[in-house]
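Undergrad: This is the structure I want to talk about, given as structure tokens.
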């Protein structure tokens, strides 16, 4: 999808792609978890914290544990994303919730153009259109309008806006911090918010079986550490407007895994939807020579102490 002359961009796109595919697996683990939706959302981030803390300590040392405003904001946005996603699932059809939640690239592109003053090429707009058509085709005839589902549909739309905020906040935080630090601080903020929500909304936080507990651990490791972590890494090298499109692959991943593991066959229309999304990504791909976003390179472990000292000197 990229020229050999742009290895950093190619690596960033590959990293985002893997992250999107990993995030698409979350629905499988949520279905296997025997706790309520808000409890599963809490465990998704809480169980990821020890792994993220180890990653941050190895990558950046004690400086990684220092909270910063942008990463905390990213965590609050992601908490809102998970909260309203589950409200959408409870208040409307899964198909409606999926369609509306996948409009987040539209909001990200709009913000990038109107606020960040970034230019989106004609190919970029065409790619966005193809990805939206593909997402609609993947949901197929299951999508429907019902006035009784309006509160749930509205929650699905709010979900997309919260994820757009999360995506842009992580991209912004990566300007000054490494991926490990951003993930640790943002996930800790998300866990604190979701803990309060789960206590209020769920009868119990604890899984009732070993299978349910294993599903929650897999949810944390695959979707949060793997999916979100790869996203934070990849955003250092990919323009946000295109990076947002890559996350349409989350819908493709969910459909493929559902067919392989849950015996939910993929229809011809859904297959066409997957091809449209892939086509949209090819059309919208950044061209060689396009400047990647300004970001802080991730530090190796041995450079953590030096970086921490520099940060202290600069008052960051």
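Undergrad: Provide 70, 17 in ascending order of the number of other Cβ atoms located within 10 Å of each residue's Cβ, fewest first. It would help to have the intermediate numbers written out before the result.
TA: Working: 70 21, 17 18.
With the fewest neighbours first, 70, 17 line up as 17, 70.
Undergrad: Now for a separate question. Which residues in the range 63-87 place their backbone N less than 19 Å from a point set 7 Å from the Cα of residue 196 along the Cα-to-Cβ direction?
TA: 67-87
Undergrad: Another question, then. Fewest first, what order do 15, 98 take by the number of other Cβ atoms within 10 Å?
TA: 15, 98
Undergrad: Assuming a ≥ b ≥ c are the square roots of the Cα gyration tensor eigenvalues, decide whether the range 224-285 counts as rounded (a/c under 1.5), prolate (otherwise, with a/b larger than b/c) or oblate. Please report the intermediate quantities before stating the final value.
TA: Working: a/c = 4.54, a/b = 1.44, b/c = 3.16.
Oblate shape, in that a/c is at least 1.5 and b/c is the bigger or equal ratio.
Undergrad: Here is a follow-up. List the equivalent ellipsoid semi-axes of the range 12-287 in whole Å, largest first, each obtained as the square root of 5λ for an eigenvalue λ of the Cα gyration tensor. Can you show the working numbers first?
TA: On the way: eigenvalues 138, 120, 58 Å².
Equivalent-ellipsoid dimensions as semi-axes: 26, 24, 17 Å.
Undergrad: Sorted by mean Cβ packing within 10 Å, highest first, what order do the peptides 253-259, 130-136, 43-49 take?
TA: Details: 253-259: 18.9, 130-136: 22.0, 43-49: 24.3.
My ranking of the peptides, most packed first, is 43-49, 130-136, 253-259.
Undergrad: Could you tell me the center-to-center distance, by alpha carbons, between the range 163-192 and the range 62-121 in angstrom?
TA: 11 Å
Undergrad: Could you give the nm distance between label points at residue 214 and residue 133, where each point is 7 Å from its Cα heading toward the beta carbon?
TA: Simple spin-label model gives 4.3 nm for this pair.
Undergrad: List the relative contact order of the range 12-287 as a percent without decimals, with contacts defined as Cα pairs under 8 Å and 6+ residues apart.
TA: Relative contact order of the range 12-287: 45 percent.
Undergrad: May I ask you to give the average projected area over all directions of the convex hull of the Cα atoms of the range 30-128, in nm² rounded to one decimal? Don't skip to the answer; put the middle values down first.
TA: On the way: hull surface 37.2 nm².
Mean shadow area of the hull around the Cα atoms is 9.3 nm².
Computed from the coordinates by the stated procedures, all read-outs in this text should not be read as laboratory data. These numbers come from a predicted model, not from an experiment. When we count neighbours, we look across all protein chains shown, and the Cβ atoms used for this are built from the backbone with ideal geometry, even at glycine.
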